[in-house]
Amino acid sequence: AEARLRSLESRIHPHFLFNTLNSISSLIAVNPTRAEQIVGRLAALLRASLDTSNQPLIPLRQELAMVESYIDIERVRFGDKLRGSVRVPVELQDVKVPPMSVQSLVENAVKHGITPQSGGGEILVTASAENDGLRIEVRDTGPGFDLAAIPAGHGLDSLVERLDALYGA
């Protein structure tokens, strides 16, 4: 299960890194200060990813810091067309979650919900206690999708496999 978990985690990162490097490259000539900020955000994200790579679970607050960095990085590409907010009660921020789990949902929301819209859109991350668990929602203003139509190996499919490996079906 551990090897399967590592394999699934490794599939989540590459396209985000490629897009971020392209964004930084485009900023260097026009806004070097912002390019430097985004390099710092990317470094923080990569550091957090590496620091948590041997941990099956991390505090939600740590995951949300990665989400905030991710959204800031993506604002380089989208400008004012990407609006995002995180609304999570303080008392839930110590609950443990798989690393990069919420971030991958936000990444999917940007890619499939916001990118296709010419006017951009908004992403909202919320969390609430539900029964004996945690409910995390990532919403976007995109057109929506049919979960059954998602091909195997897609980001959401990978996340479901990660969660199944940790918690069972």
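The values are calculated or read from the model by the stated rules, or taken from the named source; none is laboratory data. Fair warning: this is a prediction, and the values are worked out from it, not measured in the lab. For neighbour counting, all protein chains shown are included, and Cβ atoms are generated from backbone atoms with ideal geometry for every residue, glycine included. Only protein heavy atoms, including side chains, enter the accessible area calculation; ligands, DNA and RNA are left aside. Shrake-Rupley method; radii C 1.70, N 1.55, O 1.52, S 1.80 Å.
What to note about this one:
- Point-to-point label distance, residue 25-residue 122, nm (Cα→Cβ direction, 7 Å offset): 3.4 nm
- Residues within the reach of a label modelled at residue 15 (point 7 angstrom out along Cα to beta-carbon, backbone nitrogen below 18 Å), restricted to segment 92-116, are 100-116.
- The dipole here belongs to the chain: it is taken about the Cα centre, uses +1 on the Cβ of Lys and Arg and -1 on the Cβ of Asp and Glu, and is about 460 debye.
- Order by protection proxy (mean Cβ within 10 Å, highest first), peptides 158-168, 65-75: 65-75, 158-168
- Helix runs (DSSP H) in the chain reaching 15 Å along axis by Cα, Kyte-Doolittle at least -1.0: 14-30, 32-51, 60-78, 155-167
- Remark: the chain carries 55 Å² of accessible area per residue (probe radius 1.4 Å; ligands, DNA and RNA excluded).
- Residue (of 136, 149, 66) at the positive-pole extreme of the chain, dipole from beta-carbon charges: 66
- Legend: translational diffusion of the chain by Stokes-Einstein, Rh = Kirkwood radius over C-alpha pairs, 4 °C, 1.567 mPa s; D = 78 µm²/s.
- In terms of Cα atoms, the Rg and Dmax of segment 102-169 work out to 13.2, 40 Å.
- Each residue was assigned an accessible area with a 1.4 Å probe, and for residue 18 the value is about 130 Å².
- Normalised by the number of residues in segment 63-169, the average gap of Cα pairs under 8 Å and 6 or more apart makes the relative contact order 26 percent.
- Taking the protein heavy atoms of segment 43-169 in the context of the full set of protein chains, the accessible area attributed to carbon and sulfur is 53 percent at 1.4 Å.
- Distance from the alpha carbon centroid of segment 94-141 to that of segment 42-58 works out to 18 angstrom.
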